Amino acid sequence: MRLTYLGFHLVFILPPLALLLRAAPSLPPTRRRVALTGLGAITFLALVYTTPWDNYLIDQGVWWYGEGTVVAYLGSAPVEEYLFFVLQPVLSGLFLYTMGFSPAFEQRDTRLRPRLTGGVGFLALSALGGVLLTTTSGYYLGAILLWACPLLALQWAVGGGYLVRMRREWPVAVAIPTLYLWFADRVAIGLGVWTISGTQTLGVDILGLPLEEAVFFLVTNLLVVQGLVLFEWVMHRWGRLTLDADRMDTGAVTETERDPVTPRVSSPNSNPDPTAREHPSTDRGR
């Protein structure tokens with residue numbers, strides 16, 4: 001039986017999505033609202049920003065779909081393609097929240113050097129994409145870099161200091177979904193669900209996966225994960241996300257934190273008689 005594009009979603013996307021939904025942590029109400037807002041915004045932007053780019057490249061013959069592998073087309077792209085624009089951000093976002101991260105703002109996050117380095121670096125990759133776009137074999141890679149890198153440059157220009165400080169957390173949330181989608185994409189190409197042009201690519205494969213496809217999933221997961229962590233970080237910086245309040249929501253506070261005015265101090269010589277509180281000289285708890 002031949003794998004269809006819808007079957008690709010049923011086999012490779014929906015099962016891990018269901019597992020992540022089950023494993024996702026229960027966030028405090030304040031942070032849950034912010035997280036859902038961020039994930040919804042990222043998913044909407046992914047759909048809006050990717051749709052014209054994707055349709056244009058299909059029209060240019062950069063890739064095409066096997067006969068009988070899609071249900072229907074909307075514009076130049078299959079309806080399953082638009083579904084993927086929604087499912088990938090949700091998949092990567094849920095993996096990020098299952099891993100967990102701290103969105104706490106610190107003053108050192110405003111350092112200019114990492115923001116400038118990251119911003120300029122991704123702008124340079126965008127310029128490289130513009131050059132590659134003028135060649136035949138570099139067309140697909142150039143289109144990816146020119147499409148994704150300006151947004152990555154903006155992310156780093158805003159929160160490069162935070163991304164550097166949290167470099168032990170978010171890169172893993174990028175790497176694992178990327179590796180998984182590389183595998184899934186390689187299988188789909190091998191089974192003829194879609195075919196990548198041999199003339200508009202560099203001809204460099206990674207275990208049978210075209211380099212351009214590997215770069216595509218890397219940059220898209222970077223956009224999703226960095227976008228989500230930076231959204232919460234900005235909300236915390238602006239005072240829209242109060243992490244101390246979240247601790248109260250989870251009940252993760254001590255009795256002293258609940259009533260800092262009345263600390264509990266015990267003494268072997270304290271008088272158990274409640275009337276002793278009327279005599280300050282015998283009340284050692286105050």
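The values are calculated or read from the model by the stated rules, or taken from the named source; none is laboratory data. If you're wondering where the values come from, they're calculated on a predicted model, not measured in any experiment. Note that each Cβ is placed from the backbone with ideal geometry, even for glycine, and that neighbours are counted across all protein chains shown. Remember, those area values only see protein heavy atoms, side chains included, never the ligands or the DNA or RNA. Shrake-Rupley method; radii C 1.70, N 1.55, O 1.52, S 1.80 Å.
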Worksheet item: Over region 1-135, one equal point on each Cα, no solvent: what is log10 I(q)/I(0) by the Debye formula at q = 0.16 Å⁻¹?
Response: -1.09
Worksheet, complete the sentence: Taking a probe of 1.4 Å and leaving out DNA, RNA and ligands, region 135-249 shows per residue an accessible area in Å² of 41
Practice prompt. Just need the relative contact order of region 149-249 here, percent rounded to a whole number, with Cα pairs under 8 Å and 6+ apart.
Written response: 33
Worksheet, complete the sentence: The rounded separation in angstrom of the Cα centers of region 203-245 and region 120-157 is 16
Response to the item:
With a 1.4 angstrom probe the carbon and sulfur portion of accessible area for region 45-189, in percent, totals 70
Fill in: Selection from THR51, LEU17, LEU27 lying farthest towards where the dipole of region 1-132 points positive, charges on Cβ
LEU27
Worksheet, complete the sentence: Ignoring ligands and nucleic acids, SER76 exposes an accessible area, probe 1.4 Å, in Å² to the nearest 10, of 30
